[in-house]
Every structure is written in C-alpha cells, then in structure tokens.
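Heads up, the thing below is written out as structure tokens.
Quick note: the coordinates plus some simple rules give every number you see, no bench work behind them. This one's a predicted model, so the numbers in the text were calculated from it and none came from an experiment. Positions of Cβ are generated from backbone atoms using ideal geometry, with glycine treated the same way; all protein chains shown enter the neighbour counts.
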Amino acid sequence: MKFLRDLLDKQKPLFQKGGKLENLFYLYEAGETFLFSPNHTNGIKGAQVKDAIDLKRMMITVVIAMIPCLLFGIYNTGHQHFLAIGQTAGLWEDFGPKFLLGLQLVLPIVIVAYAAGGLVEAGFAVVRKHPINEGFLVTGMLIPLVVPATLPLWQVALATIFAVIIAKEVFGGTGMNILNVAMTARAFLYFAYPAQISGDQVWTYLGDKVPVDGFSGATALAVAYNAGVDGQPVTQALAEHNSAMGEGLFSFYNMFMGWIPGSIGETSTLMALVGALILVGTGVASWKIIVSGFAGAYIMGLVMNLLAVNEYMAMSPEYHWVVGGLAFGIVFMATDPVSAAQTETGKWIYGLLIGVLTVIIRVTNPAYPEGIMLAVLFMNVFAPLIDYYVVKANKNRRLQRATV
Amino acid sequence: MSKTIKLKKGFDIKLAGKADKQLGDFNRAKTFAIKPADFIGMQRPKVTVNEGDSVKAGTPILFDKAMESVQYVAPVSGEIVEIKRGEKRKLLEIKILADAEISFESFEKFTESSLKTLSKEVAIAQLCKGGVWPQLIQRPFGIVANPQDSPKSIFISGFDTHPLAPDYAFTYKGEERYFQAGVLVLQKLTSGKVHLGLELDSEIAPVFANVQGVQVNKFSGPHPAGNVGIHIHHVDPINKGEIVWTISPFGVIQIGKLFLEGRYDASKIVAVTGSEAMKALYAKTYLGACVDTLVNGNLKKDHIRVVSGNVLTGEKINNDGYLGYYANQITILPEGDYYEFLGWMKPTSEKLSYHRALGLLSFLKPNKEYVLDTNVRGEERAFVQTGVFESVTPMDILPVYLLKAILAEDFDEMEELGIYEVVEEDLALCEFVDVSKHPVQEIIRKGIDLIQYS
C-alpha cells in the first residue's frame, strides 16, 4: 500500500492551497480518505482518544444491510419475467438466466443512480467547498431499490439529481436535510412520470416477449384495493389472483418471501427484516422506529377491521406487513436518522404514525395504492414538531424543578 | 437523606496501562509551574513575583484582578526561574526551581475542636490567603469559586471513573484526619449540605469511611458515574441563579492540612498510566510538577503523547511539560499521526468502539484493555446519528439540542436546555463516541463563555 500512499502524497500539493487544482481539493480528499483513513490527531485539549467509528463506516453498514434486498431484487426481477412469459414455474429453475436478466436490468439503474448523484455531490463539494457527504452511498443504493426495473434510465438520473439537489444540497448536505432523499426521488417520479412508476404494466419486465394468457401484472396492493371495491374478501382475491403466473402468487407466504411483482428491492418482507436485523444489531438504525412502525400498521389495520365498511378494511392486519413496500420503507427509509425524529420518545411516535398513516392511505385513498412513501415524507416533515414537544417536555421538567 | 442512584447510561473506556498500586521510585521533579490557563474563568492574571525571587511553599505568586482576595501560591519553595509570556504578553507559566528541602510559609493553626467554632469569615480569609481557595470550583460554569458567594451546597466526588483514573483509596491513604478537618471547614461555607458521592457496592476507601458532617450519596454505573456534575444533577440540581461548589478530595485534604498544620501542602500522589508507560505506577510529587522524571526513561517507545490528566478531559503536554493544577494522573499514549489503508471499513477488534457498526468488533470483548492512540479515526461531519449522546449521558439533558443551541448562539435555548448543569467533563464521553467527530467539550465551553460573559 506504500506505493499508493506515495502516489497520493506526491499529488497532494497540486490540490492544496496554491496548487494548480486547488478548486478540486475536496474531490482529491474524498478519494484520499476513501483509500486511507486520515492521519489527523486529536487536539491539545479534550478527548485524546476517539471511538473507532466514523460516518463512512456507519453509512457502509447501511449499504451492506441493503445487499440482501438488492440481490433478492435482482433475482426476483428475472423470476417475474420468466413467470410472466410462462417459461418456468419453479422458483429455482433457470437460476442462472433469471439472475443474469435481473442483473442486466438492475445494474444499469444502480450505476446511473450512483453516477448521477455522485456528479451532483461532487459538483456541490467543489463549488460550496465542503467534503463529499458519505450519505450519498446510501441514497444511491436506495433509489434503485424503490423503483420498478422497467424505469427508463434517464428518469432514474433525473430523479436522483432532483432529489440530491432539492432534498439535500440546498439545505447544506447530509445532516441538514428535512426529507429522506431517496423517498423524495421516488415521490418526484411518482408525480412527474406516473406512467412509468404506477399502474399494472410497469412492475414486470416483459421485453419483447408475449405474456401468458391471463397475465395481469398488477401488484398485490392493486389486487387488494380492487377486491375491496368489488366486495370480494381480500385474502381470497389475493389467493385466487393471476393463476396464470402460477398457483398462489399472492399467498401470504409468497408475499412475505417477496416472489411478487413490485419495485426492485421492496417486495421481500423477509429481506427487509434481514436488513433490519443488520441495522438494529449494529445499532445503526433505531429499533424503536422499526418496532413502532410495524406496530402502527398493525394497530391501524385492527382499527380498520373494527370500522370495516368494505372488504379492504376488513383485511387481516398482518397482510399490511407483507403487501407493498411497508417493510422496506420502515426499515430503510423511516430510520434515516437525519430526517426521522431525533429524540428517543419522538422515535416511538414517529414510527407509530408512519405505520398508521401508511394503512390509512392504502385503504382509504384510491389515488395512492401504496401509502408508505407519502407516510414517510409526511412524517419527515412532522418529525421536528414531534421533537419540539419532546424537547419542550424536557425544558418544562427543568423549569418545574426550579419553581418547586 | 442520603441517596442511592443507579445509573445505566455511560461507557467505560477500558485502556491498557492501569497503575499498579504501589509508589514508583521516580525522582522528584526539579521544576514546578503554575499555569493561569488551568484556572478557567481567570480573567486578568497578575504576577506578584519577579524572576529571581525566592519563594516558600504557600507564598502568593499570582492573583486575578477580577477577584483579588484569592491568592494563587507557590506549590514548593525555591526560586522563580522564569515567567513565561506568550503573544501580547499573555501570561503562560510561572516556573519555580525547587529547593531540595521544601520550606513552608506558616499560617494560623487550628485544632479539630476549634474548627467546629470557626467563623465563616475567618475560614474564607484563611482559605484565600493560604492558596487552597482555587480548589473550590463553582457550578454553573466550572470556574474558580467567588468567596463572596454562598453556595446552596458543596459536592465532593469520592471516586473517579475516568479511564485509568487513580484509586482514591490508595492515593489518599492515611489522610482521614485532614479530610475530616477539610469537611468541617467546608461546612462553614454553605447554608446547605456538604455532599460526598461514593461508589455503590464497592469497598469504601478508609479516607471516606468515618467522615462526619457530610451527606453520603451512592452511585453505581459506568463512567461518568463518578463525575461530580452527575451527582449534582441527581441530588441537588442547579437551577438558573443557583450556585453549587465542587471540590476534589485532594482539595479537601489540602484545606485540612492548611488549618491543622498551618501550611500549604501541595504534595500529592498521581498515577502514571497509559499503554506506553513502562512502569505504570503511582508517584509522589507536588502540584504543578514537571513530568520529565515520570516520563523520561519510562517509555516503551518514542513516538508518544503525554497527557496531563485522563484521556477524556486531559491536555496534551510535552515530555517535559507540567502537571495541570487539577490533574491527578498522567496518561502516556501512542501518537496516532498515521494513515491507515481502508481504515474506515477494515474489521477490527483492536480499536475500541461504543458502536457496533460493520467491522467494529470490540463489543465482543467487553473486558479487554485496549491500546488506543490519538488518531481522530475519521473526519468531522454534520450531526447524523441520533440517540447516541443521550445513551452515554446519565442526566435528563439532550446533548445534541444543547450543542446545536450553542452553535446557533441561542441564549434562551441554552438556558432552557440545561447549560447551567454541565461542564466539559460531563459531556466528554459524547466527544469520544461521536460519529461526526465534533469538538463537543470545546463547544460546551464556548456556550458557557457566551452565557457567563453576556
């Protein structure tokens, strides 16, 4: 590694103050600190030793936690395609071709998201003279996982650029943003290009193949909503749906496992839970938000059961956990520490309300089949308000103590 | 009513290099120094001696023009060899070349029974004149106390939970009589109580075992359970406008010696600690001693950093620097000025972490004693991770909100969030565990300065 170090040291004066490329210092620094942890030592006064953690390590932990979802999403993209064209019925048949096809579709999206966002990030770093934010490592991976595999690449790029600029950089970068960056990208796509990210036709890649007879392409959420409208028991509708793509496509088990159409990384509740295990086990994400998020969805599902005037409202609450992107959203989006509530009490309330809102939006609003996206963004906006009251309670305790 | 408080929040930084409980045969230092910078809140230091003057232990050498009655005295007898000044003639150090045999200024002597009838005025006058007053620290702000104030209570912490901290049972062995006398004097200074915080479920050091006239409160839990600020918060919290004083056991004993023996006795036992100390032992020395005799010849390697104090709140000094006024240990650490290839993602169980993020495996070995160097381990970033500061701060305080209020210079917010209840050491652990590497203690002091001088 010495030769790398020597190389970096040799180039360094070029980027330092007075060097020819001093404007690009933060780009150099990003590369340098990626390769080598800096040699800075602690100041004269204060803590003389520091914890081994830094933001890079924290962020890479989140990226690792997303890998199960990514790998599953890649395979599932291929699997759904093969199911739709009637080539295979078995889960593990044609493993190689399915995975390759998935890779062929998903990898470009990941690369485009990282490249587009990375360019914006680098541009801001150079112009605003601040270090490159590691938060982007996470955003660049999250965005591909919440869009369908059929999304045009230019839309991926546009959404990423929009989100990084509007949701993050205008506020001053990672740590200053109000909204979750990846969710903002998805919301942008949802409202700007609804044809490519909603409806029944975008979730399964067909290519130039003809789908099997009876193929619908609808997601579980759409099926559930329509069942509600038609007055058919939702669980029955899900169980009987789309037998052309194999028996029990929307069985509870299948939906929990994630072998269903949907955005690339969000279909599998199981993989989201694996991610949750990594995030909670490493202490990077708040277990309070995850637990209360799932609890909120369940409680609201029960309340809906009690008030049920249609079949969707009467759907068993545990189904809310497995249909749509609730699990993925709660585990990876709601727990973003910057846009979530920052007080410990606030996290309980914040998570709970995300779960509750998601179910309300799903069940009662015909315009939005999935509620997690708007629920997270909505609660992002309200998180400071929750914190405000928690902090105020802290201040009041101090004040009361003084007046007793 | 004595209180028992069980604390859960916090973190023990376990380091290699704990001092063995025996006195090392270190040579006594030749020079000693008083550094005005050690006295936080000292505004206009004024030297009262000249280079070449000879002084005794207890001879006034310095005072603060903002608080003229408090004398800062020479810790040892000898000759003033240097009055070191920096830019704009800022006073840095007053250096004394010590006599081989220490001679003392004499002050009025009291007996235990006459201490009981001592008047407050006489007590304060003797404390100020006799040079021990600067041991009394005022909360809020953590500055040298003002003799004109009357604190609502006085707190002493009888145990130190900082990394590699000295064991008071060893360092204050045999000082029972002086500690008791010191407490008697302290009682005159407050209308409230004198509180002594001790560790729950551990053997009580003999020096504190039978002390009368204090309320003993017991605390358990990881660091910062031994911090006096934590004790105050749980026993008699400071509200706006209130004043509490704190003093270390060393200060109490020094007061006891001043009143019983009639002399300013700056002798103390400090712990020589740290992974790079060849002999990690205790050393008998005096306040303000040059550390060269403790450091030179006692190093495992050359590239080290000597810290006056502990690794959380201490100060970097040279190998021939001087012990801080309030320091009760020195820590010798490896210097960390090296690059590490992919250091941010390499799995490691050799570096201590409060966190468990990818590859940080130290949580698997909770009892291992770590060799930590002075590398920052990352770069400064905006606040991202939440909930961590709270989990190492056993007080009903929201550190991140307080820090942000300070950075925004929002005075009302700082007050409401509890700036009066903290000094640097209480939030030092936040600085250690911080993912974003903020200079937490520096920010806290900035906030205190803003409040204090506005």
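Key figures for this structure:
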{"quantity": "Stokes-Einstein D in µm²/s, Kirkwood radius over Cα pairs - the protein assembly as shown at 10 °C with 1.306 mPa s viscosity", "calculated": "52"}
{"quantity": "Estimated dipole of chain B in Debye, rounded to 20 [Cβ of Lys and Arg +1, of Asp and Glu -1, Cα centre]", "calculated": "560"}
{"quantity": "Principal-axis tilt of helix A:153-162 within chain A, Cα atoms, nearest 10 degrees", "calculated": "50"}
{"quantity": "Shape parameters for segment A:173-269, alpha-carbon atoms, Rg then Dmax in Å", "calculated": "15.9, 51"}
{"quantity": "Net charge contributed by nearby residues that have their C-beta within less than 13 Å of B:Ile80 (K/R +1, D/E -1)", "calculated": "-3"}
{"quantity": "Amide H partners (placed H, <5 Å) of B:Arg139, local residues excluded", "calculated": "B:Val244, B:Trp245, B:Thr246"}
{"quantity": "B:His233, A:His79, B:His303 arranged by Cβ crowding within 10 Å, fewest neighbours leading", "calculated": "B:His303, B:His233, A:His79"}
{"quantity": "Fluctuation leader among A:Val359, A:Val303, A:Val202 - chain A, Gaussian network, Cα springs under 10 angstrom", "calculated": "A:Val303"}
{"quantity": "Net charge over other residues, Cβ less than 15 angstrom from the Cβ of A:Val181 (K, R count +1; D, E count -1)", "calculated": "-2"}
{"quantity": "Nitroxide proxy distance, nm - points 7 Å out along Cα→Cβ at B:Thr348 and A:Gln16", "calculated": "2.4"}
{"quantity": "Rg and Dmax [Cα atoms of segment B:31-104; Å; Rg one decimal, Dmax integer]", "calculated": "11.8, 36"}
{"quantity": "Net charge of Cβ neighbours under 14 Å - reference B:Tyr168; Lys, Arg +1; Asp, Glu -1", "calculated": "-3"}
{"quantity": "For segment B:266-284 versus segment B:363-394, the gap between their alpha-carbon centres in whole angstrom", "calculated": "26"}
{"quantity": "Relative contact order (%) - segment B:294-398, alpha-carbon pairs under 8 angstrom, separation at least six", "calculated": "19"}
{"quantity": "Most positive-pole-ward Cα, B:Phe39, B:Ile80, B:Ile96, against dipole of segment B:31-104 from beta carbon charges", "calculated": "B:Phe39"}
{"quantity": "Inter-label distance for B:Ala100 and A:Val303, nm, one decimal - labels placed 7 Å from Cα along Cα-to-Cβ", "calculated": "8.7"}
{"quantity": "Dipole of chain A, positive end: most advanced residue of A:Ile360, A:Leu238, A:Leu91 [Cβ charges, Cα centre]", "calculated": "A:Ile360"}
{"quantity": "Two-decimal log10 I(q)/I(0) for segment B:352-399, as the Debye equation yields it once each C-alpha is a single scatterer, q = 0.21, 0.22, 0.24, 0.26 Å⁻¹", "calculated": "-1.05, -1.10, -1.16, -1.18"}
{"quantity": "Given charges at beta-carbon only (K, R positive; D, E negative), |dipole| of the protein assembly as shown in Debye", "calculated": "1580"}
{"quantity": "Neighbouring partner chain Cβ atoms per residue of B:434-443, average, 10 Å criterion", "calculated": "4"}
{"quantity": "For segment B:31-104, size of Cβ-based charge dipole, Lys and Arg +1, Asp and Glu -1, in debye", "calculated": "440"}
{"quantity": "Order of A:Met1, B:Met414 - criterion: other Cβ atoms within 10 Å of each residue's Cβ, fewest first", "calculated": "A:Met1, B:Met414"}
{"quantity": "Cut-off 14 Å (backbone N to label point 7 Å along Cα→Cβ of B:Arg44), residues of segment B:56-84", "calculated": "B:63-69"}
{"quantity": "Alpha carbon centroid spacing (whole Å) that separates segment B:21-35 from segment A:363-391", "calculated": "63"}
{"quantity": "Sorted by Cβ density within 10 Å, fewest first, the residues B:Arg28, A:Arg398, A:Arg186", "calculated": "B:Arg28, A:Arg398, A:Arg186"}
{"quantity": "Spread of Cα-to-Cα distances over 10 Å intervals beginning at zero, given as percent, for segment B:127-174", "calculated": "20, 39, 35, 6"}
{"quantity": "R0 of 60 Å, Cβ-Cβ distance B:Gln452-A:Ala122: FRET efficiency to nearest 0.05", "calculated": "0.90"}
{"quantity": "Cut-off under 5 Å, modelled amide H: who pairs with B:Val371 long-range", "calculated": "B:Ala16"}
{"quantity": "Pairwise centroid distance, computed over Cα atoms, of segment B:104-161 with segment A:259-287, Å", "calculated": "60"}
{"quantity": "Global size of chain B as Cα Rg and Dmax, reported in angstrom", "calculated": "21.6, 68"}
{"quantity": "Kirkwood Rh and Cα Rg combined as Rg over Rh, evaluated for chain A", "calculated": "1.02"}
{"quantity": "Share antiparallel - DSSP beta bridges, chain B, percent rounded to 5", "calculated": "65"}
{"quantity": "Chain B - percent relative contact order, Cα under 8 Å, separation 6 or more", "calculated": "19"}
{"quantity": "Segment B:Glu112-B:Ala37, extension gain: residue separation times 0.36 nm, minus the distance between their alpha carbons", "calculated": "23.5 nm"}
{"quantity": "When the convex hull of its Cα atoms is projected in every direction, mean area for segment B:310-454 (nm²)", "calculated": "10.4"}
{"quantity": "Volume of the Cα convex hull of segment B:242-306, divided per residue and given in Å³", "calculated": "128"}
{"quantity": "Peptide A:391-398 - average C-beta neighbours from other chains (10 Å radius)", "calculated": "5"}
{"quantity": "Bins of 5 Å, starting at 0 and running to the largest distance - Cα pair percent for segment A:112-186", "calculated": "3, 18, 33, 26, 13, 5, 2, 0"}
{"quantity": "Value of D in µm² per second that Stokes-Einstein yields for segment A:30-156, Kirkwood Rh from Cα pairs, at 10 °C (1.306 mPa s)", "calculated": "92"}
{"quantity": "Average beta-carbon neighbours from other chains, 10 Å sphere, peptide B:238-250", "calculated": "1"}
{"quantity": "Virtual spin-label span in nm between B:Lys84 and B:Lys301, 7 Å along Cα→Cβ", "calculated": "2.7"}
